[in-house]
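Right, one structure below, let's go through it.
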Amino acid sequence: MGIGSFIKKQFIDVLQWNEETEGVLSWRYPMQDFEIQNGGVLIVRESQVAVFVNEGQIADVFGPGTHKLTTQTLPVLTNLKNWDKLFDSPFKSDVYFFSTRVQTGRKWGTPQPITIRDKDFDMIRVRAFGMYSYRVTDPRKFFTELSGTRDTYTRDDVEDQLRGILLASMANSLGASQIAFLDMAANQALMAQEVKGGLTDAFARYGIGLDEFNVASVSLPEELQAALDERISAGMKGGMGADKMAGYTKFQVAQSIPLAASNEGGLAGIGAGLGAGLTVGQVMGQAMGQALQPGAAPAAPAAAPAAPAQESIEDRLGKLKGLLDKGLISAADYDATKAELLKKLIG
């Protein structure tokens, strides 16, 4: 080696990664014209892992802490390079740092509806959106399957991969589930639970741990919703069972109540219906009837027979609370109607 090459070469005493850029999951220490001193120090911060790679082959892996680099602390690399125990000169190796911090608040969605098999409706197409969080749990798998020898690998890079995995896993999980779509649509936590199990296994194959997964909204394409309405009206599959019809009706009512709250006479009309002497069942029955009419706008309940005595606002508030406890109205709808009734009480 000439004197010029020797002067150009620099020796590294300390290797560390300060994570100056947000969202980087893998970073390769720049090794051009550098060699690592035998006895040098490797600093791995909390929520980091460092990996030594020799000619594309993963050697030694280090967790958080301060590590002195010797043949004793680099046993795999020592073996790969055929060093003897008296090795004491600088050496060359690729060093990759991985961030194991949880990447929170990541959005997922289905840009196009995905097709799943459903026990009630055979094949249907579903759109859904939500949030998830994840972290690198196995740097070996992550390096081998995803990040490879890139200088940096960001969460934007990995999420391009995860998006396809997520949609495929969702289709498989929902398609193999024995739970009807309508039951999952009425309970988004249940839908998230069904998907999360398969998604956790799919992510693990790439060295990624799924921390949280939730479903914020789920819907059918408009044309499919209209077709289902028509099939139900005609007695889908030669007559839908009473339990399935009740489940679908419940789902439709749940969809219509938030819309009713935004229209004049909507949820306030439900409160008025209670005050006029209607039972909860009568009021909800009217809402169900409206919900099952395709394209029909929510309207106030039909006029009820005159009650023997005007019901007090306190009783009306109690019945409204009953609707909330049974899950027939949302907390936001309850608060809005309660505020209107209290105005009348105070006024």
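Taken together, the values in this text are just the output of simple stated rules run on the coordinates, not laboratory data. Quick caveat, the model's predicted, so the values are computed rather than measured. Here the Cβ is made from the backbone with ideal geometry for all residues, glycine too, and neighbour counts use every protein chain on show.
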With N denoting the number of residues in the range 1-159, provide Rg(C-alpha) divided by 2.2 N^0.38 Å, to two decimal places.
-> 1.40
Zone residues, the range 157-192, relative to Gln225, backbone N less than 15 Å from point 7 Å out along Cα-to-Cβ | 182, 185-186
When the Kirkwood radius is taken over all Cα pairs of the range 59-117, what Stokes-Einstein diffusion coefficient follows at 10 °C and 1.306 mPa s, in µm²/s?
-> 100
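Under a Cβ-Cβ cut-off of 12 Å, what is the net charge of the residues other than Ser169 that fall near it, where Lys and Arg count +1 and Asp and Glu count -1?
Summing Lys/Arg as +1 and Asp/Glu as -1 gives +1.
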Could you list, in their original order, any pairs among Lys196/Lys338; Lys92/Lys141; Lys196/Lys326; Lys141/Lys196; Lys107/Lys319 whose Cα atoms are separated by more than 31 Å?
-> Lys196/Lys338; Lys107/Lys319
